[in-house]
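The values are calculated or read from the model by the stated rules, or taken from the named source; none is laboratory data. What you are looking at is a predicted structure, and each value in this text was computed from that prediction instead of being measured. For neighbour counting, all protein chains shown are included, and Cβ atoms are generated from backbone atoms with ideal geometry for every residue, glycine included.
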């Protein structure tokens, strides 16, 4: 959800009142709750016209929707079994609806990274890997930052070589999660983990920690480490793996403050490539802003660069941009 969407959703929730808003929050993911909560907390005043506009657009959108199926899960199962037969359908159903029986792991998504790290600190790396691949890459990377260098390397090695989660592995998680995991023996093998998952998590690790993790994997299997590196996308790759049109789409999603802080620590060629894909007026304003800024903490710059990378990854997953690079399409 972009910044405008978050603001509109926050306004809509505040207009509902506390009880109704609380009911809506029950149906949101942990990340959605956090983002909406932060947006609401930042709001001080909203004009009556803005509230009316949001409500009118919501009403129009809601009126255009129709509940075609009362239980979409059952509908997916029924259609796939009719089309493919029970065996083939079962494989696809697991991928489409996976996670329904792993309520214990779902509960971890509501915990802060330090608490999850403390819970898993003394567990076998294979068990930790099996858990982290069920969390999103951002939360997994934050959990890893609370573990030792050696633990990070061993866990990421197992994530990178993970080809699926066996029912017996999920059953073992019962002990790790203090019996909050239900139905683990009923879960079929899920296609989680692998090189792509490892690359996404390492992408979000703090500078230095990412290199240490890759070194552990490289010592184990150099080819595997290279495959992970090939799948990674770091901030400097913007200059080499995104064409002009893709950069322009990313820039439309990035807040100005995030961009200027990100560029403070960027290589000259990366900065030049980004500025070349802005209008001349916007590029000039950005240059002036960069020149007027004093020294900034590296940790702050890297944090904002990770925010840009999240947007790049989301747009790539949505198919709006590609990460393979291409011809320069600067604005003229």
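Answer yes or no as to whether residue 150 is surrounded by fewer than 17 Cβ atoms within 10 Å (Cβ to Cβ) and touching a residue at least 60 places away in the same chain (Cβ under 8 Å). Break it down stepwise before answering.
Values: surrounded by fewer than 17 Cβ atoms within 10 Å (Cβ to Cβ): yes; touching a residue at least 60 places away in the same chain (Cβ under 8 Å): yes.
Yes.
Yes or no, residue by residue, for (1) in a helix (DSSP H, G or I); (2) closer than 21 Å to residue 306 by Cβ; (3) without any contact (Cβ under 8 Å) to a residue 24 or more places away in the chain; (4) under 23 Å from the mean Cα position of the chain (by Cα):
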site	(1), (2), (3), (4)
214	yes, yes, yes, yes
226	yes, no, yes, yes
239	yes, yes, no, yes
250	yes, yes, no, yes
261	yes, yes, no, yes
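So which residues in the stretch 32-63 are in a helix (DSSP H, G or I) and in contact with a helix residue (DSSP H, G or I) (Cβ under 8 Å, 6 or more places away or on another chain)? So that I can check it myself, show each step before the final result.
Pass one, the stretch 32-63, residues in a helix (DSSP H, G or I): 32-42, 48-63.
Passing the criteria: 33, 35, 36, 39, 40, 50, 51, 54, 55, 57, 58.
Listed here are the residues, each with its yes/no results for (1) assigned by TED's automatic domain parsing to the domain that holds residue 243; (2) touching a strand residue (DSSP E or B) at 6+ places or on another chain (Cβ under 8 Å); (3) loosely packed, with under 13 Cβ neighbours inside 10 Å; (4) modelled with pLDDT under 90.
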site: 264; (1), (2), (3), (4): yes, no, no, yes
site: 279; (1), (2), (3), (4): yes, no, yes, no
site: 283; (1), (2), (3), (4): yes, no, no, no
site: 296; (1), (2), (3), (4): yes, no, no, yes
site: 306; (1), (2), (3), (4): yes, no, no, yes
site: 323; (1), (2), (3), (4): no, no, no, yes
site: 327; (1), (2), (3), (4): no, no, yes, yes
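Considering the stretch 273-292 alone, what residues qualify as being touching a residue at least 24 places away in the same chain (Cβ under 8 Å), under 17 Å from residue 237 (Cα atoms) and part of a helix (DSSP H, G or I)?
273, 274, 276, listed by residue number.
Do we find that residue 200 is more than 21 Å from the chain's Cα centre (by Cα), in contact (Cβ under 8 Å) with a residue 24 or more places away in the chain and either outside the structural domain of residue 147 (by TED's automatic domain parsing) or in a helix (DSSP H, G or I) (or both) in this structure?
Numbers: more than 21 Å from the chain's Cα centre (by Cα): no; in contact (Cβ under 8 Å) with a residue 24 or more places away in the chain: yes; either outside the structural domain of residue 147 (by TED's automatic domain parsing) or in a helix (DSSP H, G or I) (or both): yes.
When the stated conditions are applied, residue 200 does not pass them.
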